[in-house]
Amino acid sequence: MGTRAGGRRTGPKCIAIVGPFASGKTTLLEAILARTGAIPRQNPVSSGSTVSDHSPEARAHAMSVEATFATTEFMGEQLTFVDCPGSIEFSFEAEPVLAACDVAVVVAEADEKKIPALQLIMRKLDDLGVPRILFLNKVDKAIAGVRDTLKMLQPASSVPLLLRQIPLRKDSVVIGSIDLALERAYIYREYAESEVADIPGDDKARELEARFSMLETLADHDDQLMEQLLEEIEPPKDEIFDDLAADLREGIVTPVLIGTAEKGNGVLRLLKAIRHDAPDVEATRKRLGAPDGNQTVVQVMKTIHTAHGGKLSVSRVLSGQVADAAELFLSSGETAKVSGIYKMLGKDQSKLAIAKTGDTVALGKLDNVKTGETLSLAKGGIKPLATLTPPQPVFAFALRPKERKDEVKMSAAIQRLAEEDPSLSLSHNQDSAETVLSGHGEMHLRVVRERLEGKNQIPVEGHTPAVPYRETIRKQAQQRGRHKKQSGGHGQFGDVVIEIKPLPRGSGFQFSDTITGGVVPKTYIQSVETGIRDYLKSGPLGFPVVDVAVNLSDGSYHAVDSSDMAFQMAAKLAMKEGMAACSPVLLEPVMKVEIVTPSEATSKIIALIPQRRGQILGYDARPDWPGWDVVEATMPQAEIGDLIIELRSATAGVASYRAVFDHMAELTGRLADEAMNTSGKAA
Ligand SMILES: Nc1nc2c(ncn2[C@@H]2O[C@H](COP(=O)(O)OP(=O)(O)OP(=O)(O)O)[C@@H](O)[C@H]2O)c(=O)[nH]1
Ligand SMILES: [Mg+2]
């Protein structure tokens, strides 16, 4: 003991605040900023004027919708906090932040329903190797004891949750906390520093028991401490602190602090734990495998297009320093010139002359730089330190401006929004000529739309994207098509006999001819195929035709009047009449869907699959995900449009799915009529 901590880290730190939705992250940041004097007072989230949730979209929905950065100073050291949204729909915001932060404060509460959401976050931190402190918030309203709460939350964490504080109660109201390492009591005062007190006699036994269990956990990684415990020797406090710090940094335990963010309670202890125990940028650099030495390396955590100041790339300086007007290299070898360096406090920025190692700052006008990129002063750039792969989108809508004149403006605005939010994707639907936005849920896309209409002043119309229906035939037929026109001089003449046949699903279109004796000359056979292909773009039901074979078996031509056009016309005529006799039928895309869900909701999820015309293929434990299942099914694409809404409501927001195209299936009856009415010929 004693040597493991290796001294306190004093450089500027970057701390991500993460946790399940509505656990109190924004409230905690506000409390931290008030306590450290960065803002005059702590505003409640309901006021709509917190440093984090200042955007109209966040206020409208009473939830955080993007990562917010705030730099403050605590006891002479610089700390940048990043308040990340809790909703799974905005969870991708945290990804580039977590990559470059030193430690995460996971804000949790005693709510059983939020355990799977907590598990998702803990796993993300495991994957990225980010050390974490758990802040058990809302102890003011907790009914269960903290130790029971930790037992309940433990399955969400792969490493032991280590209780460092227990609440101090009076008449079952929490009035303070006891720090188990310091063995001191703290009496809470609203929005002010707690008062230090002796541990009340009645609480001594509880304190000793909790303390012993903390020491036992620490002793799992410290043989000397284990011996001391066995021999009932009181370990020195300093050595306990060293262990706590080392275990946090190595990620082998998650220390748990408690508090009531809303009243600013427990905040100072948290700040002190960050100051004393959290690693700084040096450890983060190692974790990312950044090059050693003093060369400048910068990791981009977020991109913001401000209303007036242009583009900002909020970045962590992992090593070296960045001066204004510096030329930075992207990994691609391109360069970008810094124009303005800013310290962030929510939407407010203050100009800096230089950014030093460990600082988290906004760099101005790096036009060609994206979120997640690694920049450096090394000529030609260095390879990216983190990869950013957004999950497959689960919700989409089609979009067009209310006024045609806004089309160009809208697409430019969407490009900017997609740059700010890499989890948003944009595509163009060829079939329906729609612009389709895809993202991570209904709220996610609603916020995008609000940004288009609010910040960008572009009124838009949105609707469910069209399903790419197709049509085919069930019967075969033979049909003659004659195109003959005799108007004045040059006539038009084409005459074909075709056989139309259904093909197996997935075959597409096949053309052949069995012309003998040149009754239709070679060049006109080509024209016939062209005419048929053109016809197939929209069949009798109004959709592209697939899985059809057409053979040209006979016909005739005229030496003067026949032409390419005339044969194309004849072929189309034959198709039009022939297809009607082939019993056309609508085809809809059916997807293979893989749903992941906490096991307790599996039966609910399975029950909703047949309601969406799905077929369950099976379900099983999700490999390597204790407490989760995977359900596999096939489901028509038309039924998947809003599937995520139902999945999320059945699972307190955590279930998700992936879908890949599987096959086309016949659709008949009322649903086929509806499809034709909305997007087919009848429309
Ligand atoms: N009782 C109690 N309520 C709290 C406490 N901290 C926050 N809340 C309430 O919890 C709700 C959510 O608080 P936020 O700070 O917005 O939570 P958040 O984690 O930032 O939410 P998202 O960013 O949307 O995930 C609000 O109604 C807060 O007033 C607390 O310590 N005690
Ligand atoms: Mg929030």
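The values are calculated or read from the model by the stated rules, or taken from the named source; none is laboratory data. Note that the coordinates shown come from a computational prediction; the quantities given were computed from them, not determined experimentally. No Cβ is skipped: glycine too gets one built from the backbone with ideal geometry, and neighbour counts run over all protein chains shown. Just the protein is used for accessible areas: all its heavy atoms, side chains included, with ligands, DNA and RNA removed. Shrake-Rupley method; radii C 1.70, N 1.55, O 1.52, S 1.80 Å.
Would you be able to tell me the number of residues in segment 337-354 that are touching an Asp or Glu at 6+ places or on another chain (Cβ under 7 Å) and surrounded by 14 or more Cβ atoms within 10 Å (Cβ to Cβ)?
4
The single residue among Ala205, Ala219 that is without any contact (Cβ under 8 Å) to a residue 12 or more places away in the chain and open to solvent by 60 Å² or more (accessible area, probe 1.4 Å) turns out to be Ala205.
Glu453 falls short on exactly one of the conditions (1) under 30 Å from Pro291 (Cβ atoms); (2) free of Cβ contacts under 8 Å to residues at least 60 places away in the same chain, and that condition is (1). Among the residues of segment 243-264, is any buried (at least 21 other Cβ atoms within 10 Å of the Cβ), of a type in the set (Ser, Thr, Tyr) and within 16 Å of ligand 1 (Cβ to nearest atom)? There is at least one residue in segment 243-264 that is buried (at least 21 other Cβ atoms within 10 Å of the Cβ), of a type in the set (Ser, Thr, Tyr) and within 16 Å of ligand 1 (Cβ to nearest atom). Restricting attention to segment 40-66 and to residues that are in contact (Cβ under 8 Å) with a residue 24 or more places away in the chain and among the β-branched types (Val, Ile, Thr), the residue that is farthest from ligand 2 (Cβ to nearest atom) turns out to be Val51. The residue of segment 33-69 that is farthest from Phe135 (Cα to Cα), among those that are away from ligand 1 (no atom under 13 Å from the Cβ) and over 22 Å from the mean Cα position of the chain (by Cα), is Pro40.
You will find that of Thr374, Thr357, the residue that is buried (at least 21 other Cβ atoms within 10 Å of the Cβ) and touching a Pro at 6+ places or on another chain (Cβ under 9 Å) is Thr374 and no other. Thr27 falls short on exactly one of the conditions (1) in contact (Cβ under 8 Å) with a residue 12 or more places away in the chain; (2) assigned to a helix (DSSP H, G or I); (3) more than 9 Å from ligand 2 (Cβ to nearest atom), and that condition is (3). For segment 548-564, a residue qualifies if it is open to solvent by 10 Å² or more (accessible area, probe 1.4 Å) and under 52 Å from the mean Cα position of the chain (by Cα), and the qualifying residues are Ala549, Asn551. Count of segment 398-421 residues, restricted to those that are within 14 Å of the chain's Cα centre (by Cα) and within 26 Å of Pro468 (Cα to Cα), is 1.
Listed by position, the helices (runs of 4 or more DSSP H) contained in segment 570-683 that have at least 2 residues being open to solvent by less than 10 Å² (accessible area, probe 1.4 Å) are 602-611, 643-650, 669-679. The residues on offer are Met591, Met575, Met569, and the sole one that is out of contact with any Cys (no Cβ under 7 Å at 6 or more places or on another chain) and closer than 22 Å to Ala659 by Cα is Met591.
Out of Glu73, Glu30, Glu109, which single residue is of a type in the set (D, E, K, R), more than 22 Å from the chain's Cα centre (by Cα), surrounded by fewer than 18 Cβ atoms within 10 Å (Cβ to Cβ) and at negative phi? Step through it out loud before you land on a result.
Values: Glu30 fails: surrounded by fewer than 18 Cβ atoms within 10 Å (Cβ to Cβ); Glu109 fails: surrounded by fewer than 18 Cβ atoms within 10 Å (Cβ to Cβ).
Result: Glu73 is the single residue among Glu73, Glu30, Glu109 that is of a type in the set (D, E, K, R), more than 22 Å from the chain's Cα centre (by Cα), surrounded by fewer than 18 Cβ atoms within 10 Å (Cβ to Cβ) and at negative phi.
Exactly one residue among Thr435, Thr387 is without any contact (Cβ under 8 Å) to a residue 40 or more places away in the chain, crowded, with 19+ Cβ neighbours inside 10 Å and out of contact with any Cys (no Cβ under 9 Å at 6 or more places or on another chain), and that residue is Thr435.
For segment 537-555, a residue qualifies if it is part of a strand (DSSP E or B) and in contact with a helix residue (DSSP H, G or I) (Cβ under 6 Å, 6 or more places away or on another chain), and the qualifying residues are Val550, Leu552.
Within 15 Å of ligand 2 (Cβ to nearest atom) and not hydroxyl-bearing (Ser, Thr, Tyr): does that describe Ile88? First the steps, then the outcome.
Details: within 15 Å of ligand 2 (Cβ to nearest atom): yes; not hydroxyl-bearing (Ser, Thr, Tyr): yes.
So Ile88 passes the test.
Are any of the residues in segment 635-652 under 25 Å from Ser91 (Cβ atoms) and hydroxyl-bearing (Ser, Thr, Tyr)? Yes, there is a match, as at least one residue in segment 635-652 is under 25 Å from Ser91 (Cβ atoms) and hydroxyl-bearing (Ser, Thr, Tyr). Looking only at residues of segment 9-24 that are in a loop (DSSP other than H, G, I, E, B) and within 15 Å of Leu271 (Cβ to Cβ), we find that the one that is nearest to ligand 1 (Cβ to nearest atom) is Pro12.
Scanning segment 463-498 for residues that are more than 21 Å from Leu667 (Cβ to Cβ), open to solvent by less than 60 Å² (accessible area, probe 1.4 Å) and not aromatic (Phe, Trp, Tyr) yields a total of 10.
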